[in-house]
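Participant: To start, I am sharing the structure in question, which I have written as structure tokens.
The values are calculated or read from the model by the stated rules, or taken from the named source; none is laboratory data. Note that the structure is predicted; figures quoted are calculated from it, not measured. Keep in mind that these areas ignore ligands, DNA and RNA; they rest on the heavy atoms of the full protein, side chains included. Shrake-Rupley method; radii C 1.70, N 1.55, O 1.52, S 1.80 Å.
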Amino acid sequence: MGSEMCIRDSVTVVGADKIGIVAGVTATLSELEANIIEISQTLMSGAFTMMMVVETRNSDFSAFQAELSRKGEALGVNIHVQNEAIFNAMHKL
């Protein structure tokens, strides 16, 4: 994403499966100028889960998080955003 300082965040999406979840979330990430570094999604008995690592130059984490939360509400899913460094520290064995 260029030479500017990039921030990595973990984005988790959970909800009932339906058409448009991936498209809606990734379109919002694009609007927020977030680059998807890693992505994984799974369907289990009608439940949709997706986890992404994204890179952004957006230093306003609260605004980034709030925009994704609004998109989650519009799509009927829960979107959780966490700074990657905090996520990794919490999940070290």
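Participant: I want to verify a result. In a Gaussian network model of the chain, Cα cutoff 10 Å, which of these has the top mean-square fluctuation: I39, I79, I21?
Facilitator: With Cα springs under 10 Å in the chain, the top fluctuation among I39, I79, I21 is at I39.
Participant: If you average the sequence gap of Cα pairs under 8 Å that are 6 or more apart and divide by the length of the chain, what percent do you get for the contact order?
Facilitator: Contact order relative to length: 42 percent.
Participant: Calculate for the chain the 222 nm mean residue ellipticity that helices alone would give, adding -39,500 (n - 2.57) per DSSP H run of length 4 or more and normalising by residue count, nearest 500 deg cm²/dmol.
Facilitator: Computed mean residue ellipticity for the chain: -10500 deg cm²/dmol.
Participant: Could you put K18, K71 in order of accessible surface area, largest first, with the 1.4 Å probe and the full protein assembly present?
Facilitator: Largest accessible area first, the residues go K18, K71.
Participant: Now, a different point. Using only Cα atoms, find the angle between the long axis of helix 21-31 and the longest principal axis of the chain, and express it within 0 to 90 degrees, rounded to the nearest 10.
Facilitator: 20 degrees
Participant: Note down, for the chain, the three equivalent ellipsoid semi-axes (square root of 5 times each alpha carbon gyration tensor eigenvalue), biggest first, whole angstrom.
Facilitator: After scaling each eigenvalue by five and taking roots: 22, 16, 12 Å.
Participant: Continuing with this model, one more query. Pick from L43, L32, L75: which is most flexible by mean-square fluctuation in a GNM of the chain where alpha carbon atoms under 10 Å apart are linked?
Facilitator: Per the Cα network of the chain with a 10 Å cutoff, L43 tops the list.
Participant: Right, next: Anyone know which of E55, E33, E73 comes out most mobile in the 10 Å Cα GNM of the chain?
Facilitator: The residue with the greatest mean-square fluctuation here is E73.
Participant: Suppose all protein chains stay in the model; what accessible area per residue would a 1.4 Å probe give for the chain, in Å²?
Facilitator: 61 Å²
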